[in-house]
Amino acid sequence: MLCLVKPDNFIPKFEVVSCFLEYEGKILLLLRQDCKNEPNTYGVPAWKVELNESVDIAVSREIFEETGMKLSDISYFKKVYVKYPTYDFVYYIYHKKLIEKPRIKIDKKEHKKYIWKNPEEALKENLIQDLDNCIKLFYNV
């Protein structure tokens with residue numbers, strides 16, 4: 001469950017950064033491999049913040065690791081709280097509007113493929129848990 005306000009008894013196990021990479025009104029979605037948690041679902045570049053790493057550094061690192069793009073000036077949007085039955089975590093949402101269509105280089109161990117979809121189209125895809133709520137929150141759809 002995605003919460004805008006920190007819930008009672010919220011004990012985060014880790015922090016996660018994510019980024020909506022947008023080009024011409026479409027966002028980049030990465031299809032998770034069969035061996036990953038929530039296999040065959042689409043997500044955005046995202047993962048855990050490492051020990052002693054700032055969230056701003058973490059989001060740049062994750063974008064590079066998952067897409068091959070080195071980006072700067074990534075805009076922070078919001079911190080939300082995610083509460084699952086077995087664990088909680090803090091989730092930071094970022095956004096970057098791209099001027100030129102990038103060349104995406106995915107790690108085949110992590111993802112099968114990628115697609116570009118506008119927010120409304122993205123909501124029709126098989127998304128990783130709570131990504132639909134993040135899209136609705138950011139894009140007001």
Given segment 1-58, report the % of alpha carbon pairs whose separation exceeds 19 Å.
51 percent
Report the gain in length on full extension from K6 to K113: 0.36 nm times residue separation, minus Cα-Cα distance, nm rounded to one decimal.
35.1 nm
Assigning unit charges at the beta carbon (Lys, Arg +1; Asp, Glu -1) and nothing else, what dipole magnitude in debye, to the nearest 20, does the chain show about its Cα centre?
260 debye
Over all directions, average the projected area of the Cα convex hull of segment 79-141 and note it in nm².
5.9 nm²
Expected vector for segment 52-61, Karplus 3J(HN,Hα) from phi with 6.51, -1.76, 1.60 and θ = phi - 60°, integer Hz, x for Gly and Pro, equals 6, 10, 6, 5, 5, 5, 4, 5, 5, 4
List the residues, sorted by chain then number, that are 5 or more residues from L127 or on another chain and whose placed amide H is less than 5 Å from its amide H.
Y42
Can you work out the FRET efficiency for the pair D130 and K105, with r the C-beta to C-beta distance and R0 = 22 Å, to the nearest 0.05?
0.25
Whole-Hz ³J(HN,Hα) for each residue in segment 28-39, computed from phi via Karplus 6.51 cos²θ - 1.76 cosθ + 1.60 with θ = phi - 60°, x for glycine and proline: what do you get?
7, 10, 10, 8, 6, 5, 4, 7, 8, 4, 6, x
Amide H of W47 versus every other amide H placed in the peptide plane: which residues, excluding those fewer than 5 positions away on the same chain, fall under 5 Å?
V17
Please report the accessible area of V16 (heavy atoms, 1.4 Å probe, ligands and nucleic acids excluded) in Å², nearest 10.
20 Å²
Treat each spin label as a single point 7 Å out from the Cα along the C-beta direction, and report the K97 to N40 distance in nm.
3.7 nm
Give the accessible surface of the chain per residue, rounded to a whole number of Å², with probe radius 1.4 Å and ligands, DNA and RNA excluded.
59 Å²
Tell me which residues come under 5 Å, amide H to amide H, from H111 once H is placed; ignore anything under 5 positions away on its chain.
Q33
Excluding ligands, DNA and RNA, the carbon-plus-sulfur percentage of the accessible area of segment 41-118 with a 1.4 Å probe reads 51 percent
Which order do Y87, Y76 take when ranked by solvent-accessible area (1.4 Å probe, heavy atoms of all protein chains), largest first?
Y76, Y87
Net charge near R61: determine it from the other residues with C-beta under 9 Å of the C-beta of R61, scoring Lys and Arg +1 and Asp and Glu -1.
-4
Could you work out which residue, out of L51, L98, L30, moves most in a Gaussian network model of the chain, that is, has the largest mean-square fluctuation with Cα springs under 10 Å?
L51
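The values are calculated or read from the model by the stated rules, or taken from the named source; none is laboratory data. This structure is a prediction, so every number in the text was calculated from the model and none was measured. Cβ sites come from the backbone with ideal geometry, for glycine too, and all protein chains shown count toward neighbours. Heavy atoms of the whole protein, side chains included, go into the accessibility calculation; ligands, DNA and RNA do not. Shrake-Rupley method; radii C 1.70, N 1.55, O 1.52, S 1.80 Å.
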